[in-house]
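The values are calculated or read from the model by the stated rules, or taken from the named source; none is laboratory data. As the structure is a prediction and not an experimental result, all values here were calculated from the model. Methodologically, a virtual Cβ is constructed for each residue, glycine included, from the backbone with ideal geometry; neighbour enumeration extends over all protein chains shown. These area figures cover heavy atoms from the full protein model, side chains too; ligands, DNA and RNA do not enter into them. Shrake-Rupley method; radii C 1.70, N 1.55, O 1.52, S 1.80 Å.
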Amino acid sequence: MPWHAWFTLAVVLVTVVVLARDLVAPATTMMGGAVFLLLAGVLTPVEAFAGFGNPAPITVAALYILARAVEKTGLLNPLVYGLLGRRSQPGRWTLLRLLIPAALASAFLNNTPIIAMLIPVVLSWSERRGQSPSLYLMPLSFAVVLGGVVTTIGTSTNLVVSGLLEAEGMEPFRLFELTPIGLPVLASGLAVLVLAAPILLRQRAPVRGHLEQSLREFVVFMDVDGEGPLVGRTIEEAGLRNLEGVFLAHIERDEEVLAPVPPTMALHAGDRLCFAGRVDLIVDLQSQKGLRSSEQHQMVHYDTARHAFFEAVIGPASPLVNRTVKEVEFRSRYQAAVVAIHRSGEHVHSKPGDVRLRVGDTLLLLADPDFRARWRDRNDFLLVAPMRGTPPGVTRKAWIVAATAIGIVFAGGLGLLPILQAALAGVAVLLFAGVLTAVEARDSVDLDVVLLIAASFAYGLAIEKTGLAAVVAHGIETLTGPLGPQAVLFGIVVGTVVLTELVTNNAAAALMFPVGLAAAHELGLDPRAFAVAVAVAASCSFLTPIGYQTNTMVYGPGGYRFGDYFRLGFPLTIVMITAIVIGVPILWGW
């Protein structure tokens with residue numbers, strides 16, 4: 001291979017390692033690699049940033065805005081609450097009723113808000129029936145991932161591959177071009193989930209129930225003695241800010257709850273102080289002069305109209321990853337108090353402020369009722385769900401969102417408009433109708449995903465331009481060629497699946513697309529067949545909680561362990577690979 005092919009290979013390998021070890025944000029990593037390819041002369045400036053002129057990133061951004069409108073208006077709420085009615089009983093039939101509509105909705109909407117809306121409902125429903133939500137949340141995440149492969153707009157990965165096809169001078173995917181292979185993948189995947197999930201998934205303790213039980217064990221209320229030395233002193237002066245293993249969650253004063261508690265707040269006689277901490281360290285408070293034990297210490301005391309508990313899940317793009325609550329000055333930054341931190345369904349037995357946060361950590365936050373509205377569209381938290389209460393009902397403008405979504409599907413499906421123009425027209429309707437403000441539309445777009453998609457085109461072009469794709473494709477063809485083109489397709493699909501678990505699904509698609517294209521040319525087959533296979537394989541990530549965003553969202557609330565994903569995800573992955581390898585040759589007449 002020439003030197004620029006070796007250089008491209010080195011950039012790809014470094015990118016894979018950085019993404020796999022989560023050393024740098026995916027968008028930053030991919031953009032950095034594109035810049036290196038530009039500086040080395042592998043790509044021209046036009047080639048390095050060609051992704052920004054491709055329809056895929058803009059289409060993805062427009063679909064994020066549509067999904068935000070669906071979430072804001074509560075369009076899916078009647079469906080969500082109808083799926084798990086009062087008479088529903090735990091079992092495979094209920095699981096199927098939950099998974100099918102969620103999967104079909106994800107074929108046309110971003111799956112992140114679908115999961116965000118369903119998690120609180122599933123948690124509440126499971127809790128009322130004494131059932132672990134772990135039996136439902138992971139299958140739910142996998143189902144929306146499977147649903148995303150049914151249409152071109154189902155996932156950003158499909159749009160990336162469609163854009164790569166267009167960059168090669170070929171027609172982009174039509175809206176339902178993936179449907180003939182996507183539907184069999186969805187159907188077989190749902191069958192595996194319904195049949196295998198009750199057997200393979202262990203009943204993990206619900207995070208919500210576990211948190212509440214843990215707080216009953218180590219929550220204590222102390223009253224400020226009216227004749228004691230603490231009256232008139234601030235929290236910091238009283239030595240209550242940095243107690244070992246104990247955290248001052250809130251203060252009850254004259255039937256008002258004050259939270260979060262700043263260190264400068266002065267104590268009044270009769271104040272009731274709520275402390276949360278390790279049960280074996282609560283005894284430290286008994287030596288504090290000026291405090292006396294209250295009679296009750298139950299979780300219900302938190303439930304006032306002035307504040308609420310929220311579960312917030314840390315995502316890969318969050319600025320909180322690898323930092324402690326103290327380092328980011330969490331209380332002043334988010335106007336919320338971190339009461340507890342859970343990791344992989346187990347309570348972290350240390351002071352919340354000293355815990356270095358990781359992807360998938362679930363924070364129990366004490367905040368005002370507007371906390372979710374402020375932070376649900378930001379990258380800081382992958383999921384913000386209230387511990388109690390129900391989502392808002394359908395607003396009067398929900399019908400506008402429904403009509404807009406249907407219009408986009410019909411315009412794109414019938415070929416009246418390209419998908420990009422249809423999506424942008426839909427966004428214009430939502431803005432002019434006042435469903436979303438310009439600020440809400442802007443904040444709903446995940447800029448990291450858009451940048452990552454745009455940067456991924458540089459990788460695909462470099463891999464193809466330098467001949468690296470042809471070399472890799474020839475290697476796969478040499479190993480599997482004697483067994484026929486199906487075996488070559490199998491090798492490319494497996495390589496894509498492995499990559500999508502190590503890096504992001506969009507990056508995996510960008511890296512494997514040129515390889516599939518080169519293999520198709522070498523075998524004399526239709527390159528669209530390999531493009532479809534790469535798109536579907538890259539979208540289906542089931543083996544780890546960090547391979548796909550929705551998998552991370554259910555990680556904490558479901559109380560899962562890392563290995564739980566492989567337990568259910570492995571047979572699902574085998575079925576998905578089999579469906580692709582058998583279905584694609586049949587559809588293309590090999």
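What the table shows:
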read-out	value
For the range 515-590: relative contact order, % (alpha-carbon pairs under 8 angstrom, 6 or more apart)	31
In nm, spacing of pseudo-spin labels at residue 487 and residue 272 (7 Å Cα→C-beta vector)	7.4
Point-to-point label distance, residue 328-residue 440, nm (Cα→Cβ direction, 7 Å offset)	2.5
Local net charge near residue 405, Cβ-Cβ under 15 Å (Lys/Arg +1, Asp/Glu -1)	+2
Paramagnetic reach from residue 478 in the range 3-20 [backbone N under 18 Å; point 7 Å along Cα→Cβ]	3, 5-6, 9
Protein accessible area in the range 420-508, 1.4 Å probe - carbon and sulfur %	74
Computed lengthening from residue 35 to residue 354, 0.36 nm per intervening residue step minus Cα-Cα distance	111.1 nm
Charged-residue dipole, Cβ positions (Lys, Arg, Asp, Glu), the range 441-552 about Cα centre, Debye nearest 20	80
Hz values of 3J(HN,Hα) by residue in the range 515-523 - Karplus curve (6.51, -1.76, 1.60), Gly and Pro given as x	5, x, 4, 5, 5, 4, 5, 5, 8
FRET efficiency, residue 574 to residue 96 (Cβ-Cβ, R0 25 Å, nearest 0.05)	0.75
Alpha carbon convex hull of the range 420-517, projected area averaged over orientations, nm²	8.2
Solvent exposure of the range 450-590 as accessible area per residue, Å², 1.4 Å probe	30
Label point distance in nm, residue 447-residue 368, each placed 7 Å from Cα along Cα→Cβ	2.5
